[in-house]
Amino acid sequence: MKEKLTSIGNTSSPFGGGQEGAGQQGATIFSIMSALAAEHNAINLSQGFPDFPIDEALGNLLHEAAQGSFNQYAPMAGLPMLRQAIAADFKKRYALDINPDTEITITPGATYAIYTAFTSFLQKDDEVIVLEPAYDSYIPNIKINRAIPICIPLSAPTFSIDWNKVHDAITPRTRAIIINTPHNPTGAVCTKHDWDQLANLVRNTNIIILSDEVYEQLIFDRQQHHTILQHPELRHRSYAIYSFGKVFNNTGWKIGYIIAPPHLTNAFRHIHQYIAFSTNTPAQYAIAQYLSLPTLPHMQARRDYFLRLIAPLPFTIHQPTAGSYFQIASYERISHLPDLQFAQWLTTQHGVATIPLSPFYSTRQDDKMVRFCFAKKETTLQEAVKRLEKVGRLEALESR
């Protein structure tokens, strides 16, 4: 590549390795790449948020709540009507009986729920097993609680879990294991066999499982999401974390929830009551009403459309993503640059922002891969791929 490359800053974290591309002021790689996209008027396929409107019916329900009597503090655990709606939804989709009073807590986003869950049980020098590449909040949350992250790499390019490595990482100090399915950034999903393997490893221990399932309804190709709550042996020791922002494409509302058995819910609420106490009341009302309405899945159509558009380009798709907003692509046929520099080059020189994969690793492992967000309008994806077409032509000319 002949274009001049400039540094995007020191990516060390104030908490050490593992924060997702933290810069000198602690900015995540999401913030860095989104700012770079704005500076260069690039199409932002980096940060995971949709650029299309939410369902009009959901917006109308929010207006209805604001015009009505849902503008004051909600109960600490969340509006009863929303917790009851969630319980009914899980009964319908997973045939699970969830107690809305003792097992469900509404939170200001899923990332908040992850932090609060860790804070509810971690002690100094506890160990937490983290599978990498990993979502950016995990390791800082562990370190803030003075615990120690033990990082295990997933098996690229399928990003499956090597349970022998997990077994070998467990020590008497292991307090928790955090699992993410569908996985961010790779889109890999856990199977029932994975849960059985995990159950075998933690049996007769006090290890707690955090199951980050925020993309659970964005799963493709007729695959089935297997929530940890369906596993009778794991359910009693697990926090399961969800996000309405991902399901209903309203990430800015920051409404999530956590499901756990009563003893873990009590510990969670003991911390939650002193941090946030309450979550956005009108948004809770709107979502509670909206959960009873039929909705049509559409994210797979966007994934499939993006894959068709990008197929002729010199990126390598090792496998279509099984879930989430994201598609991983290798660029080894284009460049040998480190992925962070490649993502910067793609943004500044070709006007398309992506997320490099190495910041999701505490070791900054570089597999020459980037992550595209396809949760966008068709016109956005079309324009992005039109710009990416020039990458292939440019590289072909340079290689002659």
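What follows is calculated from the coordinates using simple rules that are stated; it is not laboratory data. Just so we're clear, the structure is a prediction, and the values are computed from it rather than from any experiment. In this analysis, Cβ positions are derived from the backbone assuming ideal geometry, glycine residues included, and neighbour counts consider all displayed protein chains.
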In degrees rounded to 10, the 0-90 angle between helix 192-202 Cα long axis and the longest Cα principal axis of the chain is 70 degrees
Running Debye on the chain with equal point scatterers at the Cα sites and no solvent, what base-10 log of I(q)/I(0) appears at q = 0.06, 0.11, 0.12 Å⁻¹?
-0.24, -0.81, -0.97
By count of other Cβ within 10 Å, fewest leading, how are W345, W163, W195 ordered?
W163, W345, W195
The local net charge around F220, scoring Lys/Arg +1 and Asp/Glu -1 for residues other than F220 whose Cβ lies under 11 Å from its Cβ, equals +1
Once the piece of chain linking K386 and T158 is laid out straight, how much longer is it, given 0.36 nm per residue of separation minus the C-alpha distance between them?
79.3 nm
From the square roots a ≥ b ≥ c of the eigenvalues of the alpha-carbon gyration tensor of the stretch 40-147, which class results: rounded (a/c under 1.5), prolate (a/b over b/c), or oblate?
oblate
So how far, in whole Å, is the C-alpha centre of the stretch 185-219 from the one of the stretch 280-345?
21 Å
Applying 1/(1 + (r/R0)^6) with R0 = 56 Å to the Cβ-Cβ distance of Q223 and E39, what FRET efficiency is obtained, to the nearest 0.05?
0.90
Can you tell me the orientation of helix 80-94 relative to the chain, as the angle in degrees between its alpha-carbon axis and the longest Cα principal axis, to the nearest 10?
70 degrees
Size of charge dipole - the stretch 337-393 - debye, nearest 20, with Cβ of Lys, Arg +1 and Asp, Glu -1, no other charges:
160 debye
Multiplying the sequence separation of D366 and Y274 by 0.36 nm and subtracting their Cα-Cα distance, what value in nm do you get?
29.1 nm
Semi-axes (Å, rounded, descending) of the ellipsoid equivalent to the stretch 299-400 per its C-alpha gyration tensor are 20, 18, 12
Order 242-253, 305-316 from most to least packed using the mean count of other Cβ atoms within 10 Å.
242-253, 305-316
Would you list which aspartates and glutamates come within 17 Å of K246, measuring only between C-alpha atoms, while excluding same-chain residues fewer than 8 positions from it?
D51, D55, E56, D89, D136, D212, E213, E216
Compute the length gained on full extension between D89 and H167: take 0.36 nm times their separation in residues and subtract their Cα-Cα distance, giving the result in nm to one decimal.
24.6 nm
For the chain, longest principal axis from Cα atoms; helix 281-290 axis from its Cα atoms; angle between them, nearest 10 degrees, is 90 degrees
Cβ under 13 Å from A384's Cβ, A384 left aside: what net charge do those residues give with Lys, Arg +1 and Asp, Glu -1?
+2
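As a test, work out the antiparallel percent of DSSP beta bridges whose residues both lie in the chain, rounded to the nearest 5.
If we restrict to bridges inside the chain, about 45 percent are antiparallel.
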Within the under-14-Å Cβ sphere about R235, not counting R235, Lys/Arg +1 and Asp/Glu -1 give a net charge of -2
Given charges of +1 on the Cβ of Lys and Arg and -1 on the Cβ of Asp and Glu, with all other atoms neutral, how large is the dipole of the chain about its Cα centre, in debye to the nearest 20?
200 debye
Could you identify which residue out of L293, L229, L337 has the top mean-square fluctuation in a GNM of the chain using Cα springs shorter than 10 Å?
L293
How about K192: which aspartates and glutamates have a C-alpha closer than 13 Å to its C-alpha, ignoring those fewer than 8 places off in the same chain?
E233
Nearest-0.05 FRET efficiency for A311 and N71 at R0 = 51 Å, using Cβ-Cβ distance, is 0.55
Rounded, prolate or oblate: which fits the stretch 103-215 when a ≥ b ≥ c are the square roots of the eigenvalues of the alpha-carbon gyration tensor, with rounded for a/c under 1.5 and prolate only if a/b beats b/c?
rounded
Going by the alpha-carbon gyration tensor, a ≥ b ≥ c the square roots of its eigenvalues, is the stretch 140-295 rounded (a/c under 1.5) or, if a/c is not under 1.5, prolate (a/b greater than b/c) versus oblate?
oblate
Run the simple label-point estimate for R146 and Q341 please: 7 Å along Cα→C-beta, distance reported in nm.
4.2 nm
